[in-house]
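**Q** Sharing a structure, written as structure tokens. Questions coming.
None of the figures in this text is laboratory data; all of them are computed from the coordinates on show. Note that this is a predicted model, so its numbers are computed, not measured. Here Cβ is always computed from backbone atoms with ideal geometry, including for glycine, and neighbour counts include all displayed protein chains.
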Amino acid sequence: MAKIRKGYERRRQERIERKRVKRKGKRHRRDIGQYERNRREVAKRISGGRYDLVMGLGWGFIGDFWDFMVEIGVIMIVGKVVGAGYERIMVEAGRLVMVYMMKVLIGISSMNKVTSCLFKEIALMKVIGFTVEEIKEGISKRGKGKSRPMHKDVLADMLVRLRVEEREYVYNEAINLFLTGSGRG
């Protein structure tokens, strides 16, 4: 009888350990401000197997250009977009504008191609500010598994719902920053 009990207890402990490891693997959304480039730390995490995602970015020019837009202040201007036409906000309007900017930058001609050409490029979506969990699981539970991180119509509708004043502000400020480079510090 004691032998049976020990076997049961061992299996129970193994089950508990598997659940603990499974729970430990789940991540929570992090604030984008805590990220920085630290190649030694990245190398150490990769070699230790502690990472969310490793992916090569075939769009090399995008990273440098995006850094340039951050440096001169264009991304900060876009981040100020509120999207007053929205009742429920699942994704900030500023991030949607950034997704649309990325669509234009990489040359996607149709909104129908956004899901297959842009949303599948995890590295580009991370540059915009999406987390790995948002990209893989989607922003909301609605339509789970169908379109990740969001449906293409969310992006198309955003353009219609933005007030004219918001669009003008972003366009005019971005053009001024590009022409003058006044955001450089």
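**Q** For a footprinting-style exposure proxy, rank 115, 180 by other Cβ within 10 Å, fewest first. Write out the running numbers ahead of the final one.
**A** Values: 115 17, 180 10.
Listed from fewest to most nearby Cβ atoms, that is 180, 115.
**Q** Now a separate question. Which order do the peptides 122-129, 91-98 come out in when sorted by mean C-beta neighbours inside 10 angstrom, highest first?
**A** On the way: 122-129: 18.9, 91-98: 20.9.
Result, highest mean first: 91-98, 122-129.
**Q** Would you count, across segment 60-180, every pair of lysines whose alpha carbons are under 12 angstrom apart, provided the pair is eight or more residues apart or spans two chains?
**A** Details: 103/113; 103/152; 113/152; 120/136; 126/136; 136/144; 136/146.
Lysine pair count for segment 60-180: 7.
**Q** In addition: Taking the simple approach of a point 7 Å from Cα along Cα-to-Cβ for both residue 64 and residue 113, what is their distance in nm?
**A** So the two model labels end up 2.4 nm from each other.
**Q** Any idea what the relative contact order of segment 60-180 is, in percent, if you count C-alpha pairs under 8 Å spaced at least 6 apart? Can you show the working numbers first?
**A** Working: 102 pairs, mean separation 37.8, N = 121.
Computed value for segment 60-180: 31 percent relative contact order.
**Q** Give me the distance in nm between label points sitting 7 Å out from Cα along the Cα-to-Cβ direction at residue 17 and residue 80, one decimal.
**A** Output for this residue pair reads 5.6 nm.
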